[in-house]
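Trainee: My questions will all concern the structure given below.
The values are calculated or read from the model by the stated rules, or taken from the named source; none is laboratory data. Owing to the predicted nature of the structure, the values given are computational and were not obtained by experimental measurement. Here the Cβ positions follow ideal geometry from the backbone for every residue, glycine too, while neighbour counts run over all protein chains shown.
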Amino acid sequence: MKSSKVRLPIIIPLLVAATFRAGWTHAQYQQKRVNNEGWSGYLELILGSFRQKGLSSKLDDNKTIESLGADSEMHQQSFPDLNWKLQYGLNRGKTILFAGNPEDVFIGVNPTLEFGVSHQLDNSTIFSVTYLPSWLPIGNEVWEDPFLTESSRKHTKTDTKAFRISARKILGYPISLEFAHGSLDVDVEKAGQSLSLTNLELSQLQRSGQASGGKLSTTFELPNNLFLVPAGHYAKYDAEGEANSFVRKHIELAFLWNVGQVNLFGNISYAASDFEGPNPVFDNTRDDNRYSLRTGLSYLYPFGWENSKILLLVGKAKTHSNIKFYDSEETIIALGYNHQF
């Protein structure tokens, strides 16, 4: 197993942060809508280790691969990450302006920041409108030509943008509905140029495109402070190249269990991605199945510190594809400290 100290694709810290938030966001939603006006938010420091195996992995140690069918090695990187959220309440907290790290963007693009506004109606429904741009100049990267072999592959930046509209606690019921639309633009697109492909085949490998989708979730409150949150996602990505256009169907079950000062949380999920057209590199149409399990805990008020919590996360995911090049395996272990104000 190889280890590296260089930069980590930004999606990994964001994935960890989103999982941490999943552990206590629901509990926050159960509270009354902050009846305060003015500023509030949180700061969160995360330290972790990420291991990934897969020929298409974007980690720096995976720059050079021997062949498109070779067995991949496990690569490891350690990372720090700082997450934050800042919000301003108006009208006794019924209207909130917010900015910070994004929650899970289920349509597949990975912005690094969100700005938005939410408002609670008299019938308890909370509407939110969010804009999610790319903000950091590094991290959200892909390989210029992922199919280059026996030479070092180069990263290229991507630009992502998304809009999300959501409704939570619809008519006072524990039901949430979200719609999102986004785009991804690859800065330097050279996919397949190292191979003997025609111009038509190269065009089928273009990765820039538009994504849209919806998400429906509900909450079951069980005895002993246990909450179950099943959800279903549907996303469609229309890439400029049909080999990278797909429809993804995703189901998950999250849980939160409050036990005194300890909150246990996690989720299990399955996603199936059906791609539109054949990949000319492999002469096959790609189909992926992804399984993931993430679990963790938060310990409230450590050492008597008010408005603070320590968080621990362990996660594992596997992608099985009918094309070996896209098989992957990831493991995450992370420790975090969160302070709310």
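Trainee: Would you mind finding the one in Glu178, Glu150, Glu201 that is in a loop (DSSP other than H, G, I, E, B) and either among the charged types (D, E, K, R) or under 20 Å from the mean Cα position of the chain (by Cα) (or both)?
Mentor: Just a single option satisfies the conditions, and that option is Glu150.
Trainee: Hey, another quick one. Can you tell me which condition Asn224 does not meet? The list is (1) modelled with pLDDT under 95; (2) of a type outside the set (A, V, I, L, M, F, W, C); (3) under 23 Å from the mean Cα position of the chain (by Cα); (4) within 18 Å of Phe255 (Cβ to Cβ), and all the others hold.
Mentor: With (1) modelled with pLDDT under 95; (2) of a type outside the set (A, V, I, L, M, F, W, C); (3) under 23 Å from the mean Cα position of the chain (by Cα); (4) within 18 Å of Phe255 (Cβ to Cβ) applied to Asn224, the lone miss is (3).
Trainee: Taking into account only those residues within the range 247-263 that are surrounded by 15 or more Cβ atoms within 10 Å (Cβ to Cβ) and touching a residue at least 40 places away in the same chain (Cβ under 8 Å), which is farthest from Gln204 (Cα to Cα)?
Mentor: Selected residue: Asn258.
Trainee: How many residues does the range 32-81 contain that are among the basic types (Lys, Arg) and part of a strand (DSSP E or B)?
Mentor: Matching residues across the range 32-81 total 2.
Trainee: Quick check on this structure: which one of Ser176, Ser194 is crowded, with 17+ Cβ neighbours inside 10 Å and not aromatic (Phe, Trp, Tyr)?
Mentor: Ser176
Trainee: Another one. Do you know which residues across the range 144-185 are under 18 Å from Ser245 (Cα atoms) and at pLDDT below 95?
Mentor: Correct list: Thr158, Asp159, Thr160, Lys161, Ala162, Ala180, His181, Gly182, Ser183, Leu184, Asp185.
Trainee: For the range 264-287, which positions are assigned to a strand (DSSP E or B), crowded, with 17+ Cβ neighbours inside 10 Å and touching a residue at least 40 places away in the same chain (Cβ under 8 Å)? Full working, then the answer.
Mentor: At the first step, the residues of the range 264-287 found to be assigned to a strand (DSSP E or B) are 264-279, 284-287.
From what is left, the residues that are crowded, with 17+ Cβ neighbours inside 10 Å are 265-267, 269, 271, 273, 275-276, 279, 286.
Passing the criteria: Phe265, Gly266, Asn267, Asn279, Arg286.
Trainee: Here is a follow-up. Going by the structure shown, is Lys53 modelled with pLDDT of 80 or more, of a type in the set (Lys, Arg) and closer than 25 Å to Ser151 by Cα?
Mentor: yes
Trainee: Please enumerate the residues belonging to the range 204-224 that are surrounded by 14 or more Cβ atoms within 10 Å (Cβ to Cβ), more than 18 Å from Lys154 (Cβ to Cβ) and touching a helix residue (DSSP H, G or I) at 6+ places or on another chain (Cβ under 9 Å).
Mentor: Scanning the range 204-224 gives Gln204, Gly209, Thr219.
Trainee: What number of residues in the range 153-173 are part of a loop (DSSP other than H, G, I, E, B) and surrounded by fewer than 16 Cβ atoms within 10 Å (Cβ to Cβ)? Even if it seems obvious, please write down each step before you answer.
Mentor: First, pick out the residues of the range 153-173 that are part of a loop (DSSP other than H, G, I, E, B): 153-154, 169, 173.
Okay, now just the ones that are also surrounded by fewer than 16 Cβ atoms within 10 Å (Cβ to Cβ), so 154, 173.
Final tally of qualifying residues: 2.
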